[in-house]
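**Q** Before I ask anything, let me first share the structure, which is written out below as structure tokens.
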Amino acid sequence: MTETAPVPTASPSSLRLIATLAGIAIMSGLLVALAAEFTREPILKNRREALEKAVFTVLPEATARKNFLLNESGLAPLGDDAISEANCYAGYNESGELVGVAIEASARGYQDVVKILYGYNPHTNCILGFTVLQSSETPGLGDRVETDPDFLANFACLEATLNEAGTDLKNQIVTVKNGTKKHPWQIDAISGATVTSTAIGTALQKSTTKLLPLIHKVEPEFAQ
Amino acid sequence: MQPDSLTFIFLNAFVINNFVLAMFLGLCPFLGVSGKIKTAANMGLAVVFVMLVSSSSAYGINLLLAKFNLEFLRLICYIAVIASAVQLVEMAIKKFSPALFRALGIFLPLITTNCAILGLALFQTNREYNFPQSLAFSVGAGAGFTLALVLMAGLREKLELADVPDVVTSAALALTLGGLLSLAFMGFAGLGG
Amino acid sequence: MKDPRIPDPLSWSVFTQGIWRDNPVFVMLLGLCPLLAVTNTAMNALAMGLATTFVLVCSGTLVSLLQRVIPKQVRIAAYIIIIATFVTIVDYAIQAISLDLHKALGAFIQLIVVNCVILGRAEAYASKNPVVNAIVNAFGMGVGFTLALLSLGIVREIIGSGSLFGIDLFGAQFQPWAVFVLPPGGFFVLAFWLFVFSLMRKRKETRAKQEEVARAA
């Protein structure tokens, strides 16, 4: 059978190549922009709800929340939508009194960074509790910091009183070996999960040293 | 060691959270190119280079996109940059070492679809590393990738002399080896304080 | 010789091809990165499978629709842009549906774009067949991939956490084998499944050979 010589197809011009790619790129840009717009509200709502839940977990007596930005220059109240920009959340009970302040902290754990949100009551100088925002610790070992009742008992009132001058904590928060806790500012580690327990302690220590003096300075501004 | 120090970032990507053995990135070349130590080492080198180029470009692109609020185009831009970087490396290798080019074969252009490169760009963006940190991260990741590949190649070269039952396919065997290596690397967790 | 320009007729096998005969994971060993990374629980495995199926079907549709428009020289670049578009869309969709799921799947949602299965399907099938065929085939591949993900996710979650889809199965006294939800476990379970399938295949071959010998005798 004789084969007819293949007719050489003209190679498309560079203009055609670029035009097609550009056309596809524009179309995909439009599609993605549409999707981003469409999902913007639900995503913000999800983030707000997740943070709400976390704040109310660490400040159990609170019924209302306000966002704030806290730094050296002072306390700046933020709108209800600015939940990602805020680094400090104040919780109020039904009578409008401040029950505590929720702050983010983080430290390196066993695998990766552990991010927590902890609640602090400036009237009683107690850290009331914490919830883990992000962690990739070993399941069954490191992640027991979230559920172990003995570990959580550390936070019935973890002492975080300021020193006389109000510039730092009187006693730094520190994690100690399981069973050796003697003072209310120490955290009794979970035996077998010391690294993760220490991470929680380090996160709290770093954050309290830096932010608690500031919080006490601006405390009246939290009032509704 | 500080968690955001360059040494820690390097160590983390190198052994603690090794890209292949802990993060599961770059498995196709891990299973496909790890037959011989020399090929594995060369593939690793090519990947390190592509990673460095992609990492720097990704950093730059991210800055640009953030400035114009076009973050949703990030993925598309990263992929475009990676494809170009691979094309560059391919041309360079072809010119300077045709033998290596032949040895790597199809796996060189496949670096484009290598999850490790895109994963590198995505992780460094998520963790918001600055430029020196990104460089340390990419060198660590590339070195870790090369390490995993070379170790695997060494093991497989030795295995070729062993009497393995027919029913165990080479892929199943390679994966079991990978699992054992991954298990061993878990010992690095907690390194650096 | 069959004119390659005439596409395959639409048949049941166009769909089932991706599930058993050409299963993207167990036969072609593609898409391994997400497979091992997100199968530590059955829920994550299912979510990843659905997300990948969505991208497969949408990109396959678009590639097939545009097959006469995209010049051969730039087709890979075009396919990748199309795939990246749908991956970005699915990323936003998951964030809108469940932030927890998005956190669990992490960067691996965006890594769907380098999943060799999708690019391979676009190149090998969607660009050469009519839209309906492409959609059915992509859907079949997606189902095959999801089944593979689930087969790993279910095993790893049951052994490694003692639960299935979050529902505790064995009660408090069960000591979970934690290594199975960690990276090495992923490798081992996949190796196990490959071994099982290889065993099944060898048995089928021996039986076929025995029947041949019996017939020749």
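What follows draws every value from the coordinates through simple rules; no lab data is involved. Since the model is a prediction, treat every value here as computed from it, not as a measurement. Note that each Cβ is placed from the backbone with ideal geometry, even for glycine, and that neighbours are counted across all protein chains shown.
**Q** For the stretch A:79-119, which residues satisfy the criterion of being aliphatic (A, V, I, L, M), more than 14 Å from every other protein chain (Cβ to nearest Cβ) and either over 13 Å from A:GLU221 (Cα atoms) or in a loop (DSSP other than H, G, I, E, B) (or both)?
**A** Across the stretch A:79-119, the qualifying residues are A:ALA82, A:ALA86, A:VAL99, A:ALA102, A:ILE103, A:ILE116, A:LEU117.
**Q** Can you run down the residue pairs with Cβ atoms below 9 Å, 6 or more apart or on separate chains, where the first is in the stretch B:27-48 and charged (D, E, K, R) and the partner is surrounded by fewer than 16 Cβ atoms within 10 Å (Cβ to Cβ)?
**A** Going by the 9 Å Cβ cut-off, the qualifying pairs are B:LYS36/B:GLU157.
**Q** Take the residues of the stretch C:115-146 that are outside any helix (DSSP H, G or I) and among the polar types (S, T, N, Q): which is nearest to C:ALA51 (Cα to Cα)? Before the answer, list the steps.
**A** Filtering the stretch C:115-146 down to residues outside any helix (DSSP H, G or I) leaves C:115, C:125, C:129-130.
Imposing the further condition that a residue be among the polar types (S, T, N, Q) reduces the set to C:115, C:129.
Values: C:ASN115: 12, C:ASN129: 23 Å.
It comes out as C:ASN115.
**Q** For C:ALA178, work out the one condition from (1) within 12 Å of chain A (Cβ to nearest Cβ); (2) touching a residue at least 24 places away in the same chain (Cβ under 8 Å) it doesn't fulfil.
**A** Of the numbered conditions (1) within 12 Å of chain A (Cβ to nearest Cβ); (2) touching a residue at least 24 places away in the same chain (Cβ under 8 Å), the odd one out for C:ALA178 is (2).
**Q** So, of the residues in the stretch B:62-71 that are surrounded by fewer than 19 Cβ atoms within 10 Å (Cβ to Cβ) and in a helix (DSSP H, G or I), which turns out to be farthest from the chain's Cα centre (by Cα)? Walk me through it before giving the result.
**A** Just the residues of the stretch B:62-71 that are surrounded by fewer than 19 Cβ atoms within 10 Å (Cβ to Cβ), to begin with: B:63-71.
When the remaining residues are screened for being in a helix (DSSP H, G or I), the result is B:63-67, B:71.
On the way: B:LEU63: 24, B:LEU64: 25, B:LEU65: 25, B:ALA66: 26, B:LYS67: 29, B:GLU71: 25 Å.
So the residue we want is B:LYS67.
**Q** Does B:PHE19 satisfy the criteria of being assigned to a helix (DSSP H, G or I), within 14 Å of another protein chain (Cβ to nearest Cβ), in contact (Cβ under 8 Å) with a residue 24 or more places away in the chain and surrounded by 24 or more Cβ atoms within 10 Å (Cβ to Cβ)?
**A** Judged against the criteria, B:PHE19 is not a match.
**Q** Right, here's the next one. Among (1) within 12 Å of another protein chain (Cβ to nearest Cβ); (2) among the aliphatic types (A, V, I, L, M); (3) within 19 Å of the chain's Cα centre (by Cα), which single condition is B:VAL164 missing?
**A** So B:VAL164 meets the others, but not (3).
**Q** Just the residues that are more than 9 Å from every other protein chain (Cβ to nearest Cβ) and surrounded by 22 or more Cβ atoms within 10 Å (Cβ to Cβ), please, taken from the stretch C:63-89. It would help to see each step written out before you state the result.
**A** Initial filter on the stretch C:63-89 (more than 9 Å from every other protein chain (Cβ to nearest Cβ)): C:63-65, C:67-68, C:75, C:79.
Scanning the stretch C:63-89 gives C:VAL63, C:SER64, C:TYR79.
**Q** Name every residue in the stretch B:123-134 that is out of contact with any Leu (no Cβ under 7 Å at 6 or more places or on another chain) and either crowded, with 24+ Cβ neighbours inside 10 Å or part of a helix (DSSP H, G or I) (or both), in order of residue number.
**A** Of everything in the stretch B:123-134, those that are out of contact with any Leu (no Cβ under 7 Å at 6 or more places or on another chain) and either crowded, with 24+ Cβ neighbours inside 10 Å or part of a helix (DSSP H, G or I) (or both) turn out to be B:PHE123, B:GLN124, B:THR125, B:ASN126, B:PHE131, B:SER134.
**Q** Just the residues that are assigned to a helix (DSSP H, G or I) and more than 23 Å from B:VAL20 (Cα to Cα), please, taken from the stretch C:159-200.
**A** Residues satisfying the conditions are C:ILE159, C:SER161, C:VAL196, C:PHE197, C:SER198, C:LEU199, C:MET200.
**Q** Look through A:ALA199, A:ALA203, A:ALA223, A:ALA189 and report the one residue that is among the small types (Gly, Ala, Ser) and surrounded by fewer than 16 Cβ atoms within 10 Å (Cβ to Cβ).
**A** Details: A:ALA199 fails: surrounded by fewer than 16 Cβ atoms within 10 Å (Cβ to Cβ); A:ALA203 fails: surrounded by fewer than 16 Cβ atoms within 10 Å (Cβ to Cβ); A:ALA189 fails: surrounded by fewer than 16 Cβ atoms within 10 Å (Cβ to Cβ).
Being among the small types (Gly, Ala, Ser) and surrounded by fewer than 16 Cβ atoms within 10 Å (Cβ to Cβ) holds for just one of A:ALA199, A:ALA203, A:ALA223, A:ALA189, which is A:ALA223.
**Q** Here is a follow-up. Condition (residue is in contact with a Phe, Trp or Tyr (Cβ under 7 Å, 6 or more places away or on another chain), on the phi < 0 side of the Ramachandran plot and not polar (S, T, N, Q)) applied to the stretch C:61-71: is it met by at least one residue?
**A** Residues of the stretch C:61-71 that are in contact with a Phe, Trp or Tyr (Cβ under 7 Å, 6 or more places away or on another chain), as a first pass: C:63.
Pick out the ones that are also on the phi < 0 side of the Ramachandran plot and you get C:63.
If we keep only those that are not polar (S, T, N, Q) too, we end up with C:63.
Yes - at least one qualifying residue is present in the stretch C:61-71.
**Q** Shifting gears a bit: Taking B:LYS38, is it away from every other protein chain (no Cβ under 14 Å), out of contact with any Leu (no Cβ under 9 Å at 6 or more places or on another chain), over 30 Å from B:GLU157 (Cβ atoms) and among the charged types (D, E, K, R)?
**A** The answer is no for B:LYS38.
**Q** Could you figure out which of (1) more than 22 Å from C:CYS33 (Cα to Cα); (2) within 14 Å of chain C (Cβ to nearest Cβ) isn't true of B:ALA189?
**A** In the conditions (1) more than 22 Å from C:CYS33 (Cα to Cα); (2) within 14 Å of chain C (Cβ to nearest Cβ), B:ALA189 misses (1) alone.
**Q** Being among the small types (Gly, Ala, Ser) and in contact (Cβ under 8 Å) with a residue 60 or more places away in the chain narrows it down to one of B:ALA92, B:ALA83, B:ALA99, B:ALA58, so name that one.
**A** B:ALA58
**Q** Out of C:ILE76, C:ILE112, C:ILE94, C:ILE80, I need the residue that is in a helix (DSSP H, G or I) and within 16 Å of the chain's Cα centre (by Cα). Which one? Write out each step before concluding.
**A** Details: C:ILE76 fails: within 16 Å of the chain's Cα centre (by Cα); C:ILE94 fails: within 16 Å of the chain's Cα centre (by Cα); C:ILE80 fails: within 16 Å of the chain's Cα centre (by Cα).
The match here is C:ILE112.
**Q** For the stretch C:102-122, does any single residue satisfy the condition of being surrounded by fewer than 18 Cβ atoms within 10 Å (Cβ to Cβ) and facing chain A (nearest Cβ under 9 Å)?
**A** Looking for residues that are surrounded by fewer than 18 Cβ atoms within 10 Å (Cβ to Cβ) and facing chain A (nearest Cβ under 9 Å), one finds at least one in the stretch C:102-122, hence yes.
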